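Just so it is clear, none of the values below were taken in a lab; they were calculated from the coordinates. Worth saying up front: this structure is predicted, and the values here are computed from it rather than measured. Neighbour counts run over all protein chains shown; Cβ positions are idealised from the backbone, glycine included.
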Amino acid sequence: MLWAAIAMALVACGQSAPTAIARPTEAGELVVRVETRGGLLPPLERERQAPEISIYGDGLVIVPAPFRDIFPGPAGYDLEAFRIEPGLIDDIVAEAAAIGLRGASRRIEQPGPEFVADAGATTITIVTEGQTHVTSADALFDTDSTQERALLADFVGRLRALRATADGITPYEAAATRVYVAVPDPGFGPDLELGEEVEWPFDDPLATWGEPIPPDGLSVDVRCRVVRSEELKAGVPVLEAANVATVVVDGTDRRIVALRPLLPDEDRC
């Protein structure tokens, strides 16, 4: 098994061999997550992106579905789910510990002298023994690697590869969806010319939809509310057809929209 092989490599390098580590074992309890955030993105692109992989205590794994190569792109991306065995989760957690993904949370900055401004940061979350450890590495796959960064990149690469060997992959049906709205940004106006205007499908006014979320400094101000499955049905005809250029209209208010299915460990925007 690939995870066992890396354990042998770690021992050869003088690092501790993986051992069993207490971790969450129930449905909806997050064990491992990898996500890449940041970089120079169009408005709402950050919000519609889901983590690259989320592994839960009962073996459920959720990943983005293969990207649909269409233009303009969809308002929200589909997710897929499959399952892995408890022993494999234990191997993954043990290796995470062996390469330093436990203890105090930390950020690993880009090594100098070159700086990749738009690469984003890869964040790895590991939950063990009741504690959550977060390691964030800037431009993990875009700069020269130290040994520490090389181990992280290899770990993330093999997590990403789990889907390629998975059995029983199915669409992930979320119980709720984050619905984001934002004022159209003139800087991205050409894309909006390819879209259409549609009526806002919900009762709550568009201008005061949900709650504001902190801007990232590059995108427009954004508001968000979680919509549960029953309420979501009212907006399905509009939302399923929406793309990044769709403008929803409520009286004189106009917004672009993004969708992101809620994951099992999430309950808010």
Check: Can you pull the semi-axes for region 174-261, root of five times each eigenvalue of the Cα gyration tensor, sorted largest first, whole Å?
Finding: 20, 16, 12
Margin query: Under a crude label model (7 Å from the Cα following the beta-carbon direction), how far is residue 199 from residue 71 in nanometres?
Written below: 3.3
Margin query: Given R₀ = 22 Å, what would the calculated FRET efficiency be for residue 240 paired with residue 45, taking r from the Cβ atoms and rounding to 0.05?
Written below: 0.70
Next item on the list: Whole Å is fine, so just give me how far the alpha carbon centre of region 194-267 lies from that of region 117-141.
Entry: 28
Notebook entry, point to check: Label points 7 Å out from Cα along the Cβ direction at residue 213 and residue 183: separation in nm?
Noted result: 1.9
Note to self: Taking amide H atoms as placed 1.01 Å from N in the peptide plane, list the residues 5 or more away in sequence, or in a different chain, whose amide H sits under 5 Å from that of residue 128.
What the structure shows: 133
Next item on the list: Please give the contour-minus-distance gain from residue 142 to residue 109: 0.36 nm per residue of separation, less the Cα-Cα distance, rounded to one decimal in nm.
Entry: 10.7 nm
Margin query: Once you place label points 7 Å from the Cα toward the Cβ at residue 37 and residue 252, how far apart are they in nm?
Written below: 3.6
